[in-house]
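We did not get these values from a lab; they are worked out from the coordinates using the rules stated. Worth saying up front: this structure is predicted, and the values here are computed from it rather than measured. Neighbour counts run over all protein chains shown; Cβ positions are idealised from the backbone, glycine included.
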Amino acid sequence: MKPMILRGRIWLITDENGNRFDDIDTDMIFHNKWLYITDISEMGKYAFGNTSGWEDFPEKAKEGDILVVGRNFGAGSSRQQAVDCFRALGIRAIIGESFGAIYKRNVINSGMPLIEAPGIFESGLKSGDVIEVNLETGEIKGNGQVIFRAKPMSKVQMDIYQAGDLFEYGRTAEGKR
Amino acid sequence: MSTIVERIFAEHSKGRVEPGEIIWLDLDVRTARDFGGPNVVKHLKEHYEGDYLENPEKTYFTFDLSVPAKTIKYAINQQICRRFAKETGMKVFDVDAGIGTHVLLEKGIVRPGSTAVGTDSHYNILGAIGAFGQGMGDKDIAFAFKTGRTWFEVPETMKINVEGDYKWPATARDLTFAVMGELGSSGMLGKAAEYYGDAIDRLSLDGRVTLASQTTEMGGIIAFIPPNKEVLSFVEERTGEPVKGVYADKDAQYSEEIDIDVNGLEPLMGTPPKPTNVKPVSELEGMEIDSVFIGSCTNGRYEDMLAAAKVLKGNRVKEGVNLRITPATKEVWLRVIKEGLVDTFIDAGAVVLTNPGCGGCAEGMPGLVGENEVELSTTNRNYPGKQGPGKIYLVSPAVGAASAIKGYLTTPEEVVK
Ligand code: SF4
């Protein structure tokens, strides 16, 4: 069983003015000039390589960190690398105001917890805070207090997360049916 | 209470079907093209040991991008798919068949209410007969091949009413431009849509295909055109079985409602760099052009061929302009030959009538656009670089044919009185 409650330090992805950074597309997350890279362990160092103010993210991020992102995160192309580069850095989960439709599929299919939290940027969180996310209830706690209620993960998402990824899920009894 | 997408999903899943819920969706049909197909095979082989297909009878390869293979890479990729098909018993619509989604319609493989997925971002074209079609990446499609299902978030549905009367030379393509101009590139973002209104009811099946083929360019998941009698009898003839449409309940919940008036519609066009950058043809009339392409999943059907032939008959393409025509499928191609349209095309000086498929729409086939070339095209996208370094203006087949004759952008009345 994978953990249902995740604890980690957050990165609140803001723009130069400290505001919510919306519409970060897959080319900003993982630029197309690196698309030839297929080995996931190579991808981490290019994460956010084209997102202004966040180019040094790969050096700052630590295993187990959690991303908190703005609206329409991951808009654009269907490249899986835009998800895998964060997995390569050990990012544990992505919490976002909203996501591009294909990006969302790719995160979920890769077995990474994705939490939809419209309004999370108004909750007072800042980069460096340590939070606890309950994947089943959507509750987000800081200092033991509930500071935000996000959408709980759906059953489907949970099943894929528990199995490891979409392909692993396909091996399970329920996946095969 | 339910919209069309909600009704189709309810019939193909166990979960609660409400916008925002994620459900497991049973798939009636799953396909991969020569683009994407080889990766689907690779994922299946990498992740599973045999038993690759939940049901080979419901699983197809459809080759349409590079047909027959233009480069060695395409040839190798198609061969990977053919081998895999032989091994697993799934079917291949090979390089002679035409555009995959159109083949599914013609062969009666999908019907109103079907669920289908494939590696083609215009798979939602199946909304033309009221089926649910969705394009996906190669990992998603590999999983669909293996399990016969996919997870999906139930989208909200918007209602689009299109009313009004128009006559030739305005066509279904111009109605489609009118809708795109109104909604813009994100007007349907993440949503399902349903089309209603007298202008929609009057659309032929081919016209419905044109309208449905531009859903993706407005950001839509799927746009349904509720089937009328003509569409139902087409599907019945193709499936050899009685067929019912899936319609929305009277009290279905829509996220919004949009009214579009197409009364007295005139020929429109999609100007670079976005297909939703819609302008009247009359505004740019006289613009010199170098080439014209008629075909693609948007305007490669028989009705489109006929519209072009009507304009070309007895006329000649202007010297220096090259007009290329590619029917969408083998069925359309044969009809074009049998009914003499091909003679009209050749007599008029149309440069090529290429093998059925995507034609110059994608990089896989002959018919690309060179530096500084101005092309009028009946395809669905004019993003920079998609068909080469030239500039692409999207138009209807009738406008394309008339302009090819004149050598500059014009409307068909200038050629056919
Ligand atoms: S005709 Fe063009 S848009 Fe349509 S399926 Fe082929 S490549 Fe895609």
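Count, please, the residues in the range A:136-177 that happen to be surrounded by 13 or more Cβ atoms within 10 Å (Cβ to Cβ), within 14 Å of chain B (Cβ to nearest Cβ) and hydrophobic (A, V, I, L, M, F, W, C).
The number of residues fulfilling the criteria is 8.
Select from the range B:304-332 the residues that are within 16 Å of the ligand (Cβ to nearest atom) and under 26 Å from B:Phe177 (Cα atoms) and list them in ascending order.
Within the range B:304-332, B:Asp304, B:Met305, B:Arg324, B:Ile325, B:Thr326, B:Pro327, B:Ala328, B:Thr329, B:Val332 meet the criteria.
Restricting to the range B:1-48, name every residue that is acidic (Asp, Glu), part of a loop (DSSP other than H, G, I, E, B) and at the interface with chain A (Cβ under 10 Å from one of its Cβ atoms).
Of everything in the range B:1-48, just one residue is acidic (Asp, Glu), part of a loop (DSSP other than H, G, I, E, B) and at the interface with chain A (Cβ under 10 Å from one of its Cβ atoms), namely B:Glu21.
Which residue is nearest to the chain's Cα centre (by Cα), if the candidates are limited to the range B:56-74 and must be of a type in the set (Ser, Thr, Tyr) and closer than 13 Å to B:Thr31 by Cβ?
The residue in question is B:Thr62.
Restricting to the range B:378-403, count the residues that are crowded, with 24+ Cβ neighbours inside 10 Å and within 11 Å of the ligand (Cβ to nearest atom).
Final tally of qualifying residues: 4.
Which residues, taken from the range B:116-139, are surrounded by 24 or more Cβ atoms within 10 Å (Cβ to Cβ), small (Gly, Ala, Ser) and within 11 Å of the ligand (Cβ to nearest atom)?
Within the range B:116-139, B:Gly118 is the sole residue that qualifies.
Is it the case that some residue within the range B:257-273 is within 20 Å of B:Gly130 (Cα to Cα), more than 14 Å from chain A (Cβ to nearest Cβ) and in contact with a Lys or Arg (Cβ under 9 Å, 6 or more places away or on another chain)?
Among the residues of the range B:257-273, at least one is within 20 Å of B:Gly130 (Cα to Cα), more than 14 Å from chain A (Cβ to nearest Cβ) and in contact with a Lys or Arg (Cβ under 9 Å, 6 or more places away or on another chain), which makes the answer yes.
Can we say B:Asn372 is within 14 Å of the ligand (Cβ to nearest atom) and in contact (Cβ under 8 Å) with a residue 12 or more places away in the chain?
no
Kindly provide the set of residues from the range B:96-146 that are hydrophobic (A, V, I, L, M, F, W, C), away from chain A (no Cβ under 14 Å) and closer than 19 Å to B:Asn77 by Cα, ordered by number.
Residues satisfying the conditions are B:Ala97, B:Ile99.
Please verify whether the range B:293-307 includes one or more residues that are in contact (Cβ under 8 Å) with a residue 24 or more places away in the chain, in contact with a strand residue (DSSP E or B) (Cβ under 8 Å, 6 or more places away or on another chain), over 18 Å from B:Asn355 (Cβ atoms) and of a type in the set (Val, Ile, Thr).
no
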